[in-house]
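First up is the structure itself, then whatever we jot down about it.
The values are calculated or read from the model by the stated rules, or taken from the named source; none is laboratory data. Keep in mind it's a predicted model, so treat the numbers as computed, not measured. Here the Cβ positions follow ideal geometry from the backbone for every residue, glycine too, while neighbour counts run over all protein chains shown.
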Amino acid sequence: MTEPDGAQESHGAGGRRWALWIVLALLIAAGAFAWRGHSGAAGGSGAGGALVVGDQRGGIQALLTAAGELEDVPYRIDWALFPAASPLLEALGSGAVDVGGIGGAPFAFAYAGGAPIKVVFAARAADGTGGRASAIIVKANSPIRSLAQLRGKRLATVRGSAGQNTALRLLEQAGLRSSDVTWVYLNNGEAKAALASGSIDAWSTWGSYVGIALLEDKERALADAAKLPAETGFLAANDKAIATKRAQLADFLARAARARAWARTHQEDYARVLAKETGIPLEVARFTVRENVTTVVPVEDGLRAEQQAILERYRSAGVIPAVPDLGGAFDPSFNAAVTGQPKRP
């Protein structure tokens, strides 16, 4: 793969930064998912057997590993690694995996498509904001200096993703309509390359992608979600797993709750594990962790209004044809398993 058009760096730090994007692009191009090892007891336990957990690199497995919550698991965990939320949700809906971590926007998009899944665990940013790790990125030398200047421009994101949801919220805040921009639907690796080549004008993304763009590539955040109210991220399970693997799910969700509590006070430890698990620079891992400090919230119908707003945003933008009924989207029966869990030392 060649360097992006207009790259002026020598083959040192610049080459290393581009290599990071090659790694991320290869993860996306690698296929739907890959099975990734086991943890816990060798034979599984209970009527449901092993728990199959869908994850993205740097996701729930990295967090549980950092917090020590994958030690002494009394059942087998099979990890299925996905390049993005969309194939993870497809596998979750088909029953290929039992549970997986996803953002509120991808969950809403999948549920709108009829996936037989339910939210079983919820968490949102501890500071109540969307954070700097959800942002619209432009090249450092881009003439675009305000959201208003995106009118008529090409904005790339993953369709139905947290990136598109953030972009829609920011456009709305700036008084723009969805139709005021030209949407270009690309995965994150493709969008990065397209931004570098100049075939798009801006890119809405999240997480470590934002950290690498800002800290490694010295690109610029046109706007971010730091002044937007936080939206909720989820662990969702398919209906079959909820019925047949309740004991395993309850234990796994309790571990997830403890790990999130641990991460709030062990950010450096978490960042080091995240950097090791993903291959991203430690500085980027620190940024990602700092901007993703979360607290667990109960799964309840109060989450419905937030999801309804996301779906209405998608409908208005023409991403989905209609807003579905969310009456069956939330399963509060695991709340007791995730509340009152003591922190790990």
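Scanning segment 201-222 turns up one or more residues that are assigned to a loop (DSSP other than H, G, I, E, B), under 30 Å from R255 (Cβ atoms) and not assigned by TED's automatic domain parsing to the domain that holds L89.
In this structure, W262 does not satisfy being of a type in the set (F, W, Y), in contact with a strand residue (DSSP E or B) (Cβ under 8 Å, 6 or more places away or on another chain) and either surrounded by 20 or more Cβ atoms within 10 Å (Cβ to Cβ) or farther than 28 Å from G128 by Cα (or both).
When G14, G37, G6, G44 are checked against the criterion of being over 23 Å from the mean Cα position of the chain (by Cα), farther than 30 Å from N141 by Cα and modelled with pLDDT under 85, G44 stands alone in meeting it.
For G160, the criteria (1) under 20 Å from A108 (Cβ atoms); (2) touching a Pro at 6+ places or on another chain (Cβ under 8 Å); (3) in a helix (DSSP H, G or I) hold in every case but one, which is (3). The condition of being charged (D, E, K, R) and crowded, with 17+ Cβ neighbours inside 10 Å holds for only one of R313, R304, that being R313.
Scan segment 316-336 residue by residue and report those that are at pLDDT 90 or above, surrounded by fewer than 19 Cβ atoms within 10 Å (Cβ to Cβ) and under 26 Å from I60 (Cβ atoms). Across segment 316-336, the qualifying residues are D331, P332, S333, N335, A336.
Applying the selection to segment 182-200, what residues are part of a helix (DSSP H, G or I), closer than 26 Å to Q307 by Cβ and modelled with pLDDT of 95 or more?
Answer for segment 182-200, where residues must be part of a helix (DSSP H, G or I), closer than 26 Å to Q307 by Cβ and modelled with pLDDT of 95 or more: just A191.
Within segment 327-344, is even one residue outside any helix (DSSP H, G or I), touching a Ser or Thr at 6+ places or on another chain (Cβ under 7 Å) and not small (G, A, S)? Within segment 327-344, none of the residues are outside any helix (DSSP H, G or I), touching a Ser or Thr at 6+ places or on another chain (Cβ under 7 Å) and not small (G, A, S).
Looking at the structure I just gave you, is E90 acidic (D, E), touching a helix residue (DSSP H, G or I) at 6+ places or on another chain (Cβ under 7 Å) and not assigned by TED's automatic domain parsing to the domain that holds T182? So E90 fails the test.
Against the test of being crowded, with 17+ Cβ neighbours inside 10 Å, at pLDDT 95 or above and more than 18 Å from the chain's Cα centre (by Cα), the options S146, S134, S142 yield a single qualifying residue, S142.
Yes/no per residue for (1) at pLDDT below 95; (2) under 29 Å from D331 (Cα atoms); (3) hydrophobic (A, V, I, L, M, F, W, C):
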| residue | (1), (2), (3) |
| --- | --- |
| E268 | no, no, no |
| A271 | no, no, yes |
| G279 | yes, no, no |
| E283 | no, no, no |
| F287 | no, no, yes |
| E291 | yes, yes, no |
| T295 | yes, yes, no |
| D301 | yes, yes, no |
